Amino acid sequence: MAKKTALYFGSFNPVHIGHMAIANYLVEFSDLDELWFVVTPHNPLKERKSLLPDSHRLEMIRLAIDDDPRFKASDIEFRLPKPSYTSHTLAYITEKYPDREFVLIIGGDNLSSFHKWKNPEEILKNHEVYVYARPGFDGGSFAQHPSIKLFHAPQMEISSSFIRNAIQEGHKPDRFMPPKVAKYVAEMNFFTKH
């Protein structure tokens, strides 16, 4: 039987305990066998200067996962044409790993704008989409689609931008990141004012 593998896309700049909590919840409380953190290359919609190089963001995912066999750090999008569209990545990864059934993980906010994605109908035809819904969630036109599954995972009001800003302001938000990630961020002097 195909291994049910979730793809959790993100810039993870840096990965934090909120990301890890969602991943842990979905692997433990759904039918998933494993979850891959797919580190996305520079997104044209995000400001470049605050984004760490791809290799460092991938390393932080590896440190966060540690040796947990349920999780994997993936750099698959680093080698695909830019800009990277989720539909293209899903088609590529499905062909590359025929022994796996891939599921897409997105937040409720992304489902509301899912109709603006490239090839949303194709994604839903070929893949299930697991949505972690936030309070006040409105999934828009796709919320009732049979390929969509909603999960109400415990939520944390935490973001990568909060961590970056806190470090810039001289704070030490170590407990918001997995310990090895916090150590790496400090050692590499990431997000500090230069």
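The values are calculated or read from the model by the stated rules, or taken from the named source; none is laboratory data. Here the structure is a predicted model, which is why all the values come from computation and not from measurement. All Cβ positions, even for glycine, are placed from backbone atoms using ideal geometry, and neighbour counts span all protein chains on display. Just the protein is used for accessible areas: all its heavy atoms, side chains included, with ligands, DNA and RNA removed. Shrake-Rupley method; radii C 1.70, N 1.55, O 1.52, S 1.80 Å.
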Between E157 and K183, the two model label points (7 Å from Cα along the beta-carbon direction) sit apart by a distance in nm of 3.2 nm
With the convex hull built on the Cα atoms of the chain, state its orientation-averaged projected area in nm².
11.2 nm²
Relative contact order [Cα under 8 Å, 6+ residues apart], the chain, whole percent:
25 percent
Please determine, in degrees from 0 to 90 and to the nearest 10, the orientation of helix 54-65 with respect to the longest principal axis defined by the Cα atoms of the chain, where the helix direction is its Cα long axis.
80 degrees
Backbone N under 12 Å from the R70 label point (7 Å along Cα→Cβ), restricted to the stretch 1-23:
20-23
Using only protein heavy atoms and a 1.4 Å probe, report how much of F176 is accessible, in Å² to the nearest 10.
80 Å²
Post the alpha-carbon centroid distance, the stretch 149-190 to the stretch 52-93, in whole angstrom.
19 Å
Of E128, E77, which has the most accessible area with a 1.4 Å probe, and how do the rest follow in descending order?
E128, E77
Order H16, H145, H88 by their accessible area, 1.4 angstrom probe, all chains in place, largest first.
H88, H145, H16
Estimated 222 nm signal from helices in the chain, with DSSP H stretches of n ≥ 4 weighted -39500 (n - 2.57), rounded to 500:
-9500 deg cm²/dmol
For Y25, placing the label point 7 angstrom along Cα-to-beta-carbon and taking the stretch 73-117, residues whose amide nitrogen sits under 13 Å are 106-109
Run the simple label-point estimate for K3 and S55 please: 7 Å along Cα→C-beta, distance reported in nm.
2.7 nm
